Amino acid sequence: MFWHADKSVYQRETALKISKILEGIKSAERKQQWFQAGLYILNKHWDKVDNFRIDKFLALLRLLFAQVLTYVKEVHYGAAAVGWL
């Protein structure tokens, strides 16, 4: 879905929707699993991203990290945040 998002407005909207999934997950363990899976997928396919799509994938990565940092801040950088970064 995100790969085929060609218009910048649609790219931003899709990246926001994907990154906001983390907010809907209740369990801290599941949040960590979801984030790690997202990073795994991006890492696995990073070499296939061409020059035309690199900006939108970097934007998605920034939004994912913003969501994780927001979560870490919410748990006051405590034990629930260990292992995330």
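The values are calculated or read from the model by the stated rules, or taken from the named source; none is laboratory data. Small disclaimer: the values here were computed from a predicted structure and weren't measured. Positions of Cβ are generated from backbone atoms using ideal geometry, with glycine treated the same way; all protein chains shown enter the neighbour counts.
Below are the figures for this structure:
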{"read-out": "Complete set of residues in segment 50-85 that are part of a loop (DSSP other than H, G, I, E, B), of a type in the set (Phe, Trp, Tyr) and at pLDDT 80 or above", "value": "none"}
{"read-out": "Within segment 39-63, considering residues that are under 15 Å from the mean Cα position of the chain (by Cα) and of a type in the set (Phe, Trp, Tyr), the one farthest from residue 73 (Cα to Cα)", "value": "46"}
{"read-out": "Count - residues of segment 23-38 that are free of Cβ contacts under 8 Å to residues at least 40 places away in the same chain, surrounded by 14 or more Cβ atoms within 10 Å (Cβ to Cβ) and under 11 Å from the mean Cα position of the chain (by Cα)", "value": "2"}
{"read-out": "Residues that are under 15 Å from residue 69 (Cβ atoms) and exposed (fewer than 12 other Cβ atoms within 10 Å of the Cβ), drawn from segment 6-22", "value": "20"}
{"read-out": "Selection within segment 39-69 - among the β-branched types (Val, Ile, Thr), surrounded by 12 or more Cβ atoms within 10 Å (Cβ to Cβ) and farther than 17 Å from residue 5 by Cα", "value": "68"}
